[in-house]
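Following: one structure in structure tokens, then a few remarks.
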Amino acid sequence: MQMKQLFTILLLLVTLNAAAQRQQISFVEETKNWYYVYDENGKKIGGLARSSVGELKGWGSDFFVAKYYSYYRIYDAKGRTLKAMSVSEVGEIVGVSGNTITSRKGSWIYTWSKEGKKISVRSASK
């Protein structure tokens, strides 16, 4: 009986930890020197120095994207880097929404996951 209770408690802890890590981003505030990330309740999740992040390109439900020199970096809500992708590979980011990133490179439109995996490619309309 005690083993079953211990297992139930461990399962509950793992579930709560996973839920805490999936914070939703509702807004990223840009100041002169900082980016502040807020959750759906208006609570500040964290802040990152602009000098270490670069230019904010957009945010989705639980990640945001910034251009730092010749790389785009995808960050989670807490500001941890999930993926770095070269600008030469991605092209120009034109939108970030939900759980995807959209970029344009030449005459092609690419859709990327928040993990930096290419989801789809299509010809750009002229």
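The values are calculated or read from the model by the stated rules, or taken from the named source; none is laboratory data. Bear in mind that the values here come from a model prediction, so they are computed numbers and not experimental data. Here Cβ is always computed from backbone atoms with ideal geometry, including for glycine, and neighbour counts include all displayed protein chains. SASA here: full protein model, heavy atoms, side chains in, ligands and nucleic acids out. Shrake-Rupley method; radii C 1.70, N 1.55, O 1.52, S 1.80 Å.
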* Structure fact -> Over the stretch 69-101, the set of residues of a type in the set (S, T, Y), open to solvent by 80 Å² or more (accessible area, probe 1.4 Å) and not in a strand (DSSP E or B) is Y69, S88
* Find all pairs meeting these conditions: Cβ atoms under 6 angstrom apart; at least six residues apart or on different chains; first residue within the stretch 80-94 and of a type in the set (S, T, Y); second residue surrounded by 12 or more Cβ atoms within 10 Å (Cβ to Cβ). => T81/R73; T81/Y75; S86/Y71
* Among the residues of the stretch 82-89, is any β-branched (V, I, T) and closer than 24 Å to Q24 by Cβ? -> no
* For the stretch 54-66, does any single residue satisfy the condition of being among the hydroxyl-bearing types (S, T, Y), within 15 Å of the chain's Cα centre (by Cα) and part of a strand (DSSP E or B)? -> no
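Matching residues to (1) under 17 Å from the mean Cα position of the chain (by Cα); (2) at pLDDT below 95:
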site: D76; (1), (2): yes, yes
site: G79; (1), (2): yes, yes
site: A84; (1), (2): yes, no
site: S120; (1), (2): no, no
site: A124; (1), (2): no, yes
* To do: Answer yes or no: is there a residue in the stretch 40-50 that is assigned to a strand (DSSP E or B), modelled with pLDDT under 95 and open to solvent by 100 Å² or more (accessible area, probe 1.4 Å).
  => yes
* **R104, sole failed condition from (1) at pLDDT 95 or above; (2) of a type in the set (D, E, K, R); (3) surrounded by fewer than 18 Cβ atoms within 10 Å (Cβ to Cβ); (4) within 29 Å of E40 (Cβ to Cβ)** => (4)
